[in-house]
Amino acid sequence: MTSSTRARLSRAAVLASAGALAITLVPAVQSASAAPVTPLFTYRTAVNGDTSLYSNDAAGAPGTTPDRITKAGYQVYSYDVSGDGQTTVACMSQGAASASSYDRTYALLLTHKVNGITKSFVLSTFCESNPVIRNATSTSADVFWYADDTIYKFTAAFDATTAAISGTTDAVSTGQFVAAKSTTDGLPTEYATALAVSDDGADAAMIFRSQSAIASRLCLNALAVKGAPATQPTSPAAANLLCTARAKYAPLATATAKYIAVPNILAFADGSSTLAYSLVDQVGGNSLGASLTLAGAIANQHALDNVYSVRKLSGTWWAWRDNAGTSEFGIATLGSDPATWTAPATWTARGDGATTYDYIPTSATPPAYVAPAVKAAAHPNFAMSASLVAYRGRPAYQSYNLYLKDPTDATYAAANAAEVDKGALAWSTNNRATYVPIGNTSGANVFAIGTRWYNGYAPSGLYRNTWFRWTYAGDDFTEAGAPIERLVKVAPTVTVYKAISGSYTTVYGKVTRIGGTARLDRKTSLGWRSVAYTTISSTGTWTFGRRVLSRGSYRVVTYPDANWSTGVRTFLR
């Protein structure tokens, strides 16, 4: 959260919006050909609020123990894994799934294993849709992902001995795959839900879905063709024109207004000559698995319900099914030729099918999660709504940390960063001799005072000068931030009483502080002039005694010190 209400960094939740792509009914297609040797499967599973990666055999039978790939407390929104199982890339967040998106940190994490050694590397803070791995070997791989209207490609190099990861990132499209924006506020009116990259890494396809989730758009184009559009498209139709930069491709739009493209099946099914995707009937709920040539003609279409992922391993295609209403879950092979995909007669049942999805076949168990060695630098910010409050005042506090791993390693800029508001808040009423924890801050219920955002209020009214301290502890994706301290001074409340007897006046009263000095001033034509001084008692009472005071304006002032600010009360004689 920045200081301005106009600039709160909503991009912190980009991964969440991309990964929250629901398991939508999407059809795939299958063949009844004999299944090859059953591979292992990596998949996402949602258990006890966490969405983590696991690996198991095809059946996932009750009583079997799958291999956990990622650890609890780290959500996986989308991912890819190489066929040999040695390289994974995942859009992730740290923090409970139920937490506010501003209370989690995000990263696109690349992981590789060689010689029993596993290393990981953060490619970017942001990714939308799903990442894609191509051309993976023991020493290299190409990783593609989409963020901010751009497809990025990381050309990874893996050290054959230490598994250390290095490489360079390039923007391989900056004008073809863009979301339409509103003409009123400039915000996206659609968002990316799926990315597919051809086997040779030359072509890409994406599905964009409207924010209202009632329409979708399929975009197809060549990569390595750069150049931002002259103007940001303000409609899906205008954006779709940018998908046709090469004559090789005809425009691809939703087949009919009745159907929407869903993200679970989007794959180049035959190198780069055939694109497999799915449509769902938004009226009747029926789903259609389809093969679509790059020229835009439907070559094969199937009325198959409840099929989710289609993925290839060693030339053979596999699919996963959720048979809604009957609780039948399973995996089956589609064969090797997309042109002959048909529904299989039988499926391998999954014992954990009710909570698992996004299946990818692999020949080996992927490496378990390890924290990256290099984290995003912390840029913590902490402020109070006021530096001086009246007795029992409750100032508001603003707490957030900005962090960024730019894909191309550009210089850090706050405007491009992500934001996390979770941190530890404490306070001290003894001039920082000791701090008492208040609790964790959150971005869940921010509010505005004037033009600034705030996370919360002091837990109770302040009765003396109070120091507040906010600490961002960091996590696997971000460095810890140095504690930030802020002092809020408290002006004590002064109460004045008068006892008048003839020409004599006794001025006395109390103040919401103890000890210190109080001063009596009289207003003159030249300003305030001191009349008398007194000591404040241990119970907060004071008196200036019986004295002659001429008529006029007076004030009682308590002197500030380390524990209290100045207190003032004016009165007339």
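The values are calculated or read from the model by the stated rules, or taken from the named source; none is laboratory data. Keep in mind the model is a prediction, meaning the values are calculated, not measured. Counting neighbours? That spans all protein chains shown, and the Cβs are built from the backbone with ideal geometry, glycine included. Protein only, heavy atoms only, side chains kept; ligands, DNA and RNA dropped before computing areas. Shrake-Rupley method; radii C 1.70, N 1.55, O 1.52, S 1.80 Å.
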message: Consider the stretch 146-197. How many of its residues are open to solvent by 10 Å² or more (accessible area, probe 1.4 Å), modelled with pLDDT under 90 and β-branched (Val, Ile, Thr)?
response: 4
- request: Starting from the stretch 134-163, keep only residues that are assigned to a loop (DSSP other than H, G, I, E, B), then list their pairs with residues that are of a type in the set (Ser, Thr, Tyr) whose Cβ atoms are within a distance under 6 Å, requiring at least 6 positions of separation or different chains.
  value: Ala136/Ser82; Ala136/Thr87; Ala160/Thr139
- prompt: Applying the selection to the stretch 525-549, what residues are open to solvent by 30 Å² or more (accessible area, probe 1.4 Å) and either without any contact (Cβ under 8 Å) to a residue 24 or more places away in the chain or under 30 Å from Leu487 (Cα atoms) (or both)?
  reply: Ser525, Leu526, Trp528, Arg529, Ser530, Val531, Tyr533, Thr535, Ser537, Ser538, Thr539, Thr541
query: Does the stretch 306-316 contain at least one residue that is among the small types (Gly, Ala, Ser), in a loop (DSSP other than H, G, I, E, B), modelled with pLDDT of 75 or more and closer than 26 Å to Val89 by Cα?
result: yes
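Is it the case, given these coordinates, that Tyr457 is aromatic (Phe, Trp, Tyr), within 27 Å of the chain's Cα centre (by Cα) and open to solvent by 50 Å² or more (accessible area, probe 1.4 Å)?
On the way: aromatic (Phe, Trp, Tyr): yes; within 27 Å of the chain's Cα centre (by Cα): yes; open to solvent by 50 Å² or more (accessible area, probe 1.4 Å): yes.
Yes, satisfied.
Out of the residues in the stretch 432-451 that are farther than 16 Å from Pro483 by Cβ and of a type outside the set (A, V, I, L, M, F, W, C), which is surrounded by the most Cβ atoms within 10 Å (Cβ to Cβ)?
Step one: list which residues in the stretch 432-451 are farther than 16 Å from Pro483 by Cβ, which gives 442-451.
With the extra rule that they be of a type outside the set (A, V, I, L, M, F, W, C), the set shrinks to 442-443, 445, 450-451.
Details: Ser442: 17, Gly443: 23, Asn445: 9, Gly450: 7, Thr451: 10.
The extreme case among them is Gly443.
Take the residues in the stretch 107-133 that are in contact (Cβ under 8 Å) with a residue 12 or more places away in the chain and not in a strand (DSSP E or B); name whichever of them is surrounded by the most Cβ atoms within 10 Å (Cβ to Cβ). Lay out the reasoning, then the answer.
Step one: list which residues in the stretch 107-133 are in contact (Cβ under 8 Å) with a residue 12 or more places away in the chain, which gives 107-115, 117-133.
Next, from what is left, pick out any that are not in a strand (DSSP E or B): 115, 125-127.
Working: Asn115: 11, Thr125: 25, Phe126: 26, Cys127: 30.
Among residues in the stretch 107-133 that are in contact (Cβ under 8 Å) with a residue 12 or more places away in the chain and not in a strand (DSSP E or B), the one surrounded by the most Cβ atoms within 10 Å (Cβ to Cβ) is Cys127.
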